[in-house]
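Shown next, in structure tokens, is the structure this report addresses.
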Amino acid sequence: MTHHNLTTFLKRKMPDPPGSRIGVCVKGCDSRTLVALLQENLIDKEKIYVIGVPCDGVVSRRRIEKAFNDEVVDISFADGKVTATTRTGESQEFAKDDLLFDHCKSCRYPNPAYADDLAADPVAEPVDQTPMWAGLEEFEALSPEEKDAKLAEVFETCIRCFACINVCPVCWCWDQCVCRSRKPALVSQRVGAKENLMFQMIHMLHVAGRCPSCGACDRACPVEIPLYLLHRKMNKELHEMLGFEAGLSLEGKPVFQTFDVNDPLGEH
Amino acid sequence: MRIGVFVCHCGTNIAGTVDSKGIAARAAELKDVVHTEDLIYTCSEPGQAAIEKAIREKDLTRVVVAACSPHMHEVTFRRCVDRAGLNPYLYEMANIREHCSWIHDDYEQGTEKAYEIIKMAVAKVRQLEPLYSNEVDVNKDVLVIGGGVAGIQTALDLADAGLKVTIVERETTIGGTMARLDKTFPTIDCSACILTPRMVDAAQHENIEILAYSEIDRVQGYVGNFTVDIRKKAAMVDWTKCIGCEICVQKCPAKAPDVFNVGLAETKAIYIPFPQAVPKRAAIQVEHCRWFTQGKCRVCERVCPADAVDYEQKDEYLQRQYGAIVTATGLDVFPWEEYYHEYGSGHIPDVISGLQYERMLNASGPTNGHVVRPSTMGIKGKEPEEPKTVVFIQCVGSRDESVGRPYCSSVCCMYTAKQSILTKSHVGMDTEIYVFYIDIRATGKGYEEFVKRAQTEFGVKYVRGRVSKLYEDNGKVMVRGMDTLLGKQVEIAADLVVLASGITAADGSVQLAQKLNISYDEFGFYKESHPKLRPVETNTAGIFLAGACQSPKDIPTAVAQASGTAAKVLGLLAKDKLKTSPQIAIVDQNRCVSCWKCIEVCPFSAPEKQELRDGTEKSHIIETVCQGCGICVATCPVNCIELKGFTTDQLIDQLEEALLS
Ligand SMILES: Cc1cc2nc3c(=O)[nH]c(=O)nc-3n(C[C@H](O)[C@H](O)[C@H](O)COP(=O)(O)OP(=O)(O)OC[C@H]3O[C@@H](n4cnc5c(N)ncnc54)[C@H](O)[C@@H]3O)c2cc1C
Ligand code: SF4
Ligand code: SF4
Ligand code: SF4
Ligand code: SF4
């Protein structure tokens, strides 16, 4: 299954001439970003054709590549095994489970939330629907000071290449990203852990309630910053506080655009 | 740039905790500050004159006033700056009272904090740009929501002054709670006799239109120019034909609970709440009608001499324009049955609410004014029994934290005294009457004397204490309570118990407030703009309050307030044009990425899609509709919306001053 979340490519322009459609293949997590965009009327359902791909997990290409000193040119799958071969013909077999992304291992929505057609039969959904927030336990165990230090350490190396922004399907501002604007000057162009963190915080807040933790940003980052520390954490908080998860159905709405008159807010 | 800083003492309100004089002197060191001054009462005439003088003489181009909350005096000083010839938006208020002196005790730290606040204001004032107001036309028609005594009073006052008024009432008749009362304290004059002529006045007034059985669907726009969608509910009777003869009501075979009589009687599926209803028109309660529930009957259609019954009638939608809106949605009675299980939750027939008792006392009520025990009503071949011992319990659903109602309902002490007097005169002076009370609140004109009369002249026994339990025993209602003055338990075998159930905001008041965008408290009562100085205005310009929708009130207070409201509306609509605030949001369309989140979140529907010449659509904020709340600014992901007078850069500078310097 493709690494990429292909909904990202729908962000730009919708097809001309009118009446034509763009086909897009989506895994479970990709479909949720698609649904998030549809919920916000940012893409037109009539102009796309969605092929849903039930998914049994995506392997990390990076993990395979790390096992070799050479470029990997072929990867094949068979019976839960993954075989990778390099340019020089060197080859190695891995257990697929060892290569899966953390969030794939605990994925609760492997089947597309919305599709015009399915490419295969739906896969079995895990019986245990307790949400898991892969990779956060260690971070959450830290004291506030240690968390600060950890975030500073992690974001120190960001080169602000905007790969995470460009690849993020629900990040909608393209060239107008406020992190690049000089007026208002919200983020300084200086590089450093603080500015980088500010930049990532803005990204996180802009996708709050819309990000389903598809992991696209994590995969895109050339310096391997664990962006999930922010996004998955945010999703966890939203789930625990408001029982909300992004992009589950077309009828839903992003959590920060809903207002329930029965919210027990007391005075308004 | 030449900045002037004026620091207020506010008597000792500020100067008690903050060295106003000292920080005024220190502020002189700040960049671009050329004049500083401390003033005892800046808002006073000499205070304002000092600001004007300094602007003129020192050629100030920016002004900071460090005093109270902008809520209090922003406008005062804006006018003052304007008078001195400076653009009124080149001024910033630093709140060193509510945000500082009032909440701190430490003089040194308070002074330091006040100075920080001033520094932040100076940082912002440097970034301000002149802003200019626009003028818009004003629509002079007024909408009054709710046709109780308060709504009627406001409508009559406005109509007499020549304005066109629409009363939207959700029931089929105007009149509200007062129409259900028997006599009124403290004069014991007949409620209907004083109210119904006013109802008729309203109906006949050439400037008043009554839209009964109607509700507010949607409100858009702003002061001077509201657009309101009104839903006229289907009565299943054509009101242009109905003559109110009540023949249909007599002939209708389907019984329905009588809401007007608070369940003490039954009415029919087709009904007119009471004989003096205005408008006097019939309506079918479809949930009780045989035709609608069983597909058989149509008796009313056959008997109606005016051919008015129309089973196909649909809700009708109207759209109207108004310059001002008055809410007068009044009160509902606290649903004691849901809360007071110790009083039998409504299952003991001889325990009734104060409003039910009003109906019982009323000569045109379900018992024709006879006071009887409900448990003995409707038994064939037996006359209903009169009670010999009547117990009143005050503060049911008032001043009771345990049911979430800490407030005093303000009328129950008085109406209980009234009802106890009326009981004696209806049933006889030998009736035993007990009133359980916490304490008596009789603050109005003639009220204390009235309660005294009940106690001395009529011999009503007042027992100080709460009733802990009501239960049935041997055909009586046993009242067990505490007499806290004697410090002992009392138990009374009563024939009838009347609960002075408290007052709540009208059902649906919160939903209406949200449509109108006005504030309400945790109980659903509408909030006035200022408890002392702006008691009939809301915080939304052009929307006003009258009557018990603001807080529990008796009739004199509700009517007085309603006339006050009318005066405020007249003041507003006396002008032909209104100035709009220039502190509104504006979109930088070059940077807008058409995500439409601003449209989604704006509570006033100010942003709209605008097609540009290149065919793309971008957000555009309608200047006259925007209220400057700033929600879109915080929402826009690319920050391409700026709120004039509160731009991101202005706020960043202010923040940097606070955090970095
Ligand atoms: C049992 C009892 C006895 C009382 N006895 C006395 C007394 O003796 N003397 C005295 O001075 N006061 C008395 N009062 C208080 C008196 O009833 C009120 O002061 C008075 O009715 C307040 O008038 P109002 O117009 O504000 O509200 P209301 O009379 O309640 O009128 C509100 C109107 O608004 C309508 N409405 C509500 N919501 C909407 C909506 N969303 N859309 C359209 N219309 C709506 C209602 O149908 C109603 O017609 C008594 C109150 C009670 C409960
Ligand atoms: S992809 Fe990585 S390096 Fe590039 S901007 Fe995002 S976090 Fe920074
Ligand atoms: S049709 Fe309905 S309202 Fe009319 S008489 Fe029959 S039951 Fe009553
Ligand atoms: S500031 Fe924005 S959200 Fe607020 S009223 Fe104006 S356009 Fe609407
Ligand atoms: S929120 Fe901002 S970017 Fe989105 S449509 Fe409105 S102005 Fe444009």
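Structure notes:
- Restricting segment B:625-649 to residues that are assigned to a helix (DSSP H, G or I) and within 9 Å of chain A (Cβ to nearest Cβ) leaves a set whose member that is nearest to B:Gln220 (Cα to Cα) is B:Thr635.
- Look at (1) of a type outside the set (A, V, I, L, M, F, W, C); (2) away from ligand 4 (no atom under 16 Å from the Cβ); (3) surrounded by fewer than 17 Cβ atoms within 10 Å (Cβ to Cβ) and you find that B:Thr557 fails only one, number (3).
- Filter result for B:Ala585 (under 29 Å from A:Asp175 (Cα atoms), of a type in the set (A, V, I, L, M) and open to solvent by less than 60 Å² (accessible area, probe 1.4 Å)): yes
- On inspection, B:Thr624 fails the criterion of being of a type in the set (Val, Ile, Thr) and away from ligand 4 (no atom under 13 Å from the Cβ).
- Cβ separations smaller than 9 Å between residues 6+ apart or across chains give the following pairs from segment B:240-258 residues that are more than 14 Å from chain A (Cβ to nearest Cβ) and in contact (Cβ under 8 Å) with a residue 60 or more places away in the chain to residues that are more than 16 Å from ligand 4 (Cβ to nearest atom) and polar (S, T, N, Q): B:Asp258/B:Thr267.
- Note on segment B:608-623: residues that are buried (at least 19 other Cβ atoms within 10 Å of the Cβ) and either assigned to a loop (DSSP other than H, G, I, E, B) or within 16 Å of ligand 2 (Cβ to nearest atom) (or both) amount to 0.
- Only one entry in A:Val24, A:Val58, A:Val73, A:Val35 is touching a His at 6+ places or on another chain (Cβ under 8 Å) and on the phi < 0 side of the Ramachandran plot, namely A:Val58.
- Taken together, the residues in segment B:480-505 that are buried (at least 23 other Cβ atoms within 10 Å of the Cβ) and within 30 Å of B:Ile543 (Cβ to Cβ) amount to 4.
- Residue check for B:Gly47: touching a strand residue (DSSP E or B) at 6+ places or on another chain (Cβ under 6 Å) and not in a strand (DSSP E or B): yes
- Counting only helices (runs of 4 or more DSSP H) that fall entirely inside segment A:172-256 and contain at least 3 residues that are within 14 Å of chain B (Cβ to nearest Cβ), the qualifying elements are A:193-206.
- Every residue from segment A:127-148 that is among the charged types (D, E, K, R) and either closer than 13 Å to A:Tyr228 by Cβ or surrounded by fewer than 10 Cβ atoms within 10 Å (Cβ to Cβ) (or both): A:Asp128, A:Glu137, A:Glu138, A:Glu140, A:Glu145
- Residue list for segment B:362-371, restricted to those being buried (at least 21 other Cβ atoms within 10 Å of the Cβ) and under 16 Å from B:Val497 (Cα atoms): B:Val371
- Checking segment A:107-120 against the condition returns a match, with at least one residue being under 22 Å from A:Arg63 (Cα atoms) and open to solvent by less than 40 Å² (accessible area, probe 1.4 Å).
- Restricting segment A:44-63 to residues that are assigned to a loop (DSSP other than H, G, I, E, B) and under 29 Å from A:Thr86 (Cβ atoms), the residue that is most open to solvent (accessible area, probe 1.4 Å): A:Asp56
- If you go through segment B:598-613 and keep only what is within 10 Å of ligand 5 (Cβ to nearest atom) and modelled with pLDDT under 90, you end up with B:Glu600, B:Val601, B:Cys602.
- Candidates A:Asn69, A:Asn41, filtered to the one that is in a loop (DSSP other than H, G, I, E, B), within 14 Å of chain B (Cβ to nearest Cβ) and over 18 Å from A:Cys104 (Cα atoms): A:Asn41
- Annotation: of all residues in segment B:531-548 being touching a helix residue (DSSP H, G or I) at 6+ places or on another chain (Cβ under 8 Å) and outside any loop (DSSP other than H, G, I, E, B), the one that is farthest from the other protein chains (Cβ to nearest Cβ) is B:Gly547.
- Within segment B:471-517, being of a type outside the set (Val, Ile, Thr), touching a Gly at 6+ places or on another chain (Cβ under 6 Å) and within 14 Å of another protein chain (Cβ to nearest Cβ) holds for B:Ala505, B:Ser509.
- In segment B:614-638, residue farthest from ligand 5 (Cβ to nearest atom) [restricted to those that are free of Cβ contacts under 8 Å to residues at least 40 places away in the same chain and polar (S, T, N, Q)]: B:Thr616
- Of the residues making up segment B:589-603, not a single one is more than 12 Å from every other protein chain (Cβ to nearest Cβ) and either open to solvent by less than 20 Å² (accessible area, probe 1.4 Å) or closer than 23 Å to A:Leu10 by Cβ (or both).
- Within segment B:568-590, tally of residues that are touching a residue at least 60 places away in the same chain (Cβ under 8 Å) and either within 16 Å of ligand 5 (Cβ to nearest atom) or within 30 Å of B:Gly502 (Cα to Cα) (or both): 1
- Out of B:Asp137, B:Asp106, B:Asp82, sole residue that is farther than 24 Å from B:Arg26 by Cα, open to solvent by 10 Å² or more (accessible area, probe 1.4 Å) and at pLDDT 95 or above: B:Asp82
- Subset of segment B:20-44 (residues that are part of a helix (DSSP H, G or I) and either open to solvent by less than 10 Å² (accessible area, probe 1.4 Å) or outside the structural domain of B:Arg126 (by TED's automatic domain parsing) (or both)): B:Ser20, B:Ile23, B:Ala24, B:Ala27
- Flag for A:Met204 being open to solvent by 20 Å² or more (accessible area, probe 1.4 Å) and touching a residue at least 12 places away in the same chain (Cβ under 8 Å): yes
The values are calculated or read from the model by the stated rules, or taken from the named source; none is laboratory data. Keep in mind that what you see is a predicted model, and the values were worked out from it rather than measured. Cβ atoms come from the backbone with ideal geometry, glycine included; neighbour counts cover every protein chain shown. The accessibility values were calculated without ligands, DNA or RNA, using every heavy atom of the protein model including side chains. Shrake-Rupley method; radii C 1.70, N 1.55, O 1.52, S 1.80 Å.
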